[in-house]
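We did not get these values from a lab; they are worked out from the coordinates using the rules stated. Keep in mind that this is a model prediction, so the values were computed, not measured. Quick reminder, even Gly has a Cβ in these numbers, built from the backbone with ideal geometry, and neighbours come from all protein chains shown.
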Amino acid sequence: MGENKKMILTLLIVSAVVNLFFIWYVYTLLKKLLFVSDNIEDFLETLSSYSEYIETIYNMETYYGDETIERLLEYSKEIVKEIKAYEDIYALVYDDEDEEEGEDEET
């Protein structure tokens, strides 16, 4: 009977150590995901603002119809669209925060 108790205790300790490792690992991954999520949101805002700026320049009388600026405008819009395809990565974080803020404002 003593051997079974030692074996169970050993397995319990090993299981606890493995579980703690996985908890730490998941925590580390979530921190990295949050960091990437924040950076993608900021990058998208910066790129959208850049695209709007190019469009403003393109619509000026002096540069209207300039093919180089037109291609630059099209390219920047394509990049914004491509980044928005990854919106579900950072939308998870911001959707949860938005719901919490909405609950706080209602109370």
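Just a few scattered comments:
- Segment residue 48-residue 21, extension gain: residue separation times 0.36 nm, minus the distance between their alpha carbons: 5.7 nm
- Area projected by the alpha carbon convex hull of segment 1-89, averaged over all directions, nm²: 7.5
- Selected from 51, 14, 26, residue furthest toward positive end of dipole (segment 5-66; charges at beta carbon): 14
- Annotation note: GluC sites (Glu not before Pro) in segment 1-63 located in DSSP loop regions with a Cβ neighbour count of at most 15 within 10 Å are 61.
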